[in-house]
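The values are calculated or read from the model by the stated rules, or taken from the named source; none is laboratory data. What you see is a predicted model, and the numbers here were worked out from it, not measured in a lab. Because the Cβ atoms are built from the backbone with ideal geometry, glycine has one as well, and the counts that use them run over all protein chains shown.
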Amino acid sequence: MRLSTSNSEKTPARNRDQWLLTLVLLGFLVLATEIYWRRGDFLTNVVDGRVLWSMHRDDVYGDNKLVVLGGSRAQIGIDLAKLATSFPDHDIVQLSLVRVTPYAILKDLASDPDFAGTIICSMTAPWLLPRNRGDTSQWVRYYREEYPRSRTWQIAFNRTVASYLQDNLVILAPELRLAALFENDLDPSSSYFHMKISRARPTYYRTRMSTGRLNYLRRRRMERSAKDTRATLRARRQSFRRAVSGDLRQMNRALQERGGRLIMLRMPTSGPRWPYDEEMFPRRQFWNTIQKTSGVETVHFKDYSGLSGFDCPDYSHLDAHDIGRFTSNLGRILKGIMASNLPSPGASTGKKVAGDR
C-alpha cells in the first residue's frame, strides 16, 4: 500500500513538470523564431479590419478628442506620436482608411450629436464631388448597424489581445504565417509597411520597396488620376461649389454648434502627380474657395515651407523616414490655428511659401 500511495502522489508532480518543460521549450522556440525574423529585418503588422476600426471609432467621445481622418496619405503620412507632442492634452484617434475617400465618415461624425472633438481631415478637391463620396459608407454602416449587436466583451477582448500580440510579435505578421511561408518556398519578403495598433501605417518606400514595385505604384497613381477627366473643368467646378456650399458648410456648422472643429488638410504630392492635380483641379478655383464658401479652415501643403519640401517616392505618399519631421511641422501649424478662431498661416514653421495663392 505504501508503494502504491507513493506512485499516485508522484504522478501529478511528474505531469506538472512535463507541462512546465513543454511551456519552456515552446517559449524558447517562439523567442528564437522571433529573433530570427527580426534579424531578417521583418516588421510587426497588425491586421486591420472593421472591428478594429470600429473600436477606434468608439474612442472619439469625450473631451479633448482629436480625430485624424482621410485616406492612405493621412494613415501613412502622419506620425501620431509626433502629433501628440503638439497636443499633449488631446487623445488622438486614427480613423483613416487606405484606398477610400473619407467623406462618409466625416458626415457621420458631423451628424453625431455625441461627438464634439476636432477633426483633421486629409482631403482633396475631387473627394468632395458626389461620385466620390460613398467609399467609406460600408464602414459607417457596419459601425452603426452590425458592430453594436456584436460588441460583447469577448469580441473586444479577443480583438484587443490579437492586436496587441500582432503589434509586438513579428512572427504574427501576415507574410510569416505558415500558409504564406509555404507559398513562398519558406523565403518570404519583408513587408514595406508597418501597421500599428494605433492604426498608423508608416511605409518604407525607399528602403524596403523594390524599384519594380515602386514604378508600378507610380503608374497606378497616374492611371487612377486620369478618371477625373470624365467631366469638363466647368462641370467639375460647379459640382464642387455646390458640395462645398451645401453639405460641407452644413457639416461644419453642426460641428461648431457642439463645440467641435473641422480643419481640412491637403497632404503632399510630388513628381508628375502634383502638376496633374493642379491642371485637373486648379487650387485657385477649388481648394482656395473652401474656407470662404463653407467656413471650414484649411491647410494646404503648398502654403507652408515646413510642409512643401518633401518628395513622395510613389508621387502620392510620404516615406516613413520623412513623416516625423512632416508631422512636427504640421503639429505646430495646427496648434497655431486651433489657438485662435481664425487660421494663422505660416505660424511656427517659418515663412509661408510665396506665390502659392
Practice item. Can you tell me which residue among D303, D319, D277 is over 25 Å from T211 (Cα atoms), out of contact with any Leu (no Cβ under 9 Å at 6 or more places or on another chain) and buried (at least 18 other Cβ atoms within 10 Å of the Cβ)? Key: D303
Review point. Does any residue of region 123-131 turn out to be in the same structural domain as R242 (by TED's automatic domain parsing), touching a Leu at 6+ places or on another chain (Cβ under 9 Å) and under 20 Å from G306 (Cβ atoms)?
Key: yes
Exercise for review: Working only within region 265-286, note down all residues that are modelled with pLDDT of 95 or more, outside any loop (DSSP other than H, G, I, E, B) and touching a helix residue (DSSP H, G or I) at 6+ places or on another chain (Cβ under 7 Å).
Suggested key: R266
Point to revise | Residues of region 43-53 satisfying the condition of being in contact (Cβ under 8 Å) with a residue 60 or more places away in the chain and either crowded, with 24+ Cβ neighbours inside 10 Å or in a loop (DSSP other than H, G, I, E, B) (or both) | key: L43, T44, N45, V46, V47, D48
Check your understanding: Give me the pairs: first residue in region 98-121 and over 12 Å from R261 (Cα atoms), second residue among the β-branched types (V, I, T) and assigned to a loop (DSSP other than H, G, I, E, B), beta-carbon distance under 8 Å, and six or more apart or on different chains, which are they?
Key -> V100/T136; T101/T136; P102/T136; Y103/T136; A104/T136; I105/T136
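Per-residue answers, yes or no, for (1) in the same structural domain as P202 (by TED's automatic domain parsing); (2) in a helix (DSSP H, G or I); (3) modelled with pLDDT of 90 or more; (4) more than 18 Å from the chain's Cα centre (by Cα):
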residue	(1), (2), (3), (4)
S96	yes, no, yes, no
V100	yes, no, no, no
L106	yes, yes, yes, no
F115	yes, no, yes, yes
R144	yes, yes, yes, yes
F157	yes, yes, no, yes
Check your understanding: Can you name the condition, by its number, that K65 falls short on among (1) charged (D, E, K, R); (2) in the same structural domain as P130 (by TED's automatic domain parsing); (3) exposed (fewer than 11 other Cβ atoms within 10 Å of the Cβ)?
Key -> (3)
Exercise for review: Starting from residues that are of a type in the set (D, E, K, R) and assigned to a loop (DSSP other than H, G, I, E, B), keep the ones in region 188-227 and report whichever is farthest from the chain's Cα centre (by Cα).
Suggested key: K196
